[in-house]
Amino acid sequence: RIEATITALGQLASGQLARIEDREPIDVPEMLDRVARENARPGSGVEITVEADDAGTVWGWPAGLRLAVDNLVRNAVTHGAATRVLLTAARQGESLTITVDDNGRGLPADEHEKVLGRFARGSTAAP
């Protein structure tokens, strides 16, 4: 996972995300299940659930999508102190929406824009 993260960050930094040759089919339910399994820690008190049976496959950059979802799950648990995380994927027409919902403390509304910057942290971030 560390190697995949480093590779993905390198591609992001070098602007290689738009290369069509890096795109491939992504089995969304399988990817979400994998993120849930890899973030589950026995005895941690955190429950990660996936609801994505009808999501199917999308065309995209697998490492980038996985990194994004993985980071949202980790942030919910580490910085938001979430004990429940729900990963959903739902189709509406030709669109697919992936949602990471949790019961953590959240981020103050006035910090939403701030944390969208690269490597930015909110006031509720763990040290």
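The values are calculated or read from the model by the stated rules, or taken from the named source; none is laboratory data. Source: prediction; values computed, not measured. Don't worry about glycine lacking a Cβ; one is built from the backbone with ideal geometry, like all the others, and counts go over all protein chains shown.
Details
- Selection from segment 19-43 of residues that are modelled with pLDDT of 90 or more, surrounded by fewer than 17 Cβ atoms within 10 Å (Cβ to Cβ) and either part of a helix (DSSP H, G or I) or among the hydroxyl-bearing types (Ser, Thr, Tyr) (or both): GLU30, ASP33, ARG34, ARG37, GLU38
- Count of segment 84-98 residues which are more than 12 Å from THR49 (Cβ to Cβ), surrounded by 13 or more Cβ atoms within 10 Å (Cβ to Cβ) and free of Cβ contacts under 8 Å to residues at least 60 places away in the same chain: 2
- Residue match in segment 65-81 (condition: out of contact with any helix residue (DSSP H, G or I) (no Cβ under 8 Å at 6 or more places or on another chain), surrounded by fewer than 17 Cβ atoms within 10 Å (Cβ to Cβ), in contact (Cβ under 8 Å) with a residue 40 or more places away in the chain and more than 27 Å from ARG23 (Cβ to Cβ)): yes
- Qualifying residue in segment 46-53 (condition: modelled with pLDDT of 90 or more, closer than 25 Å to PRO127 by Cβ, under 13 Å from the mean Cα position of the chain (by Cα) and not hydroxyl-bearing (Ser, Thr, Tyr)): yes
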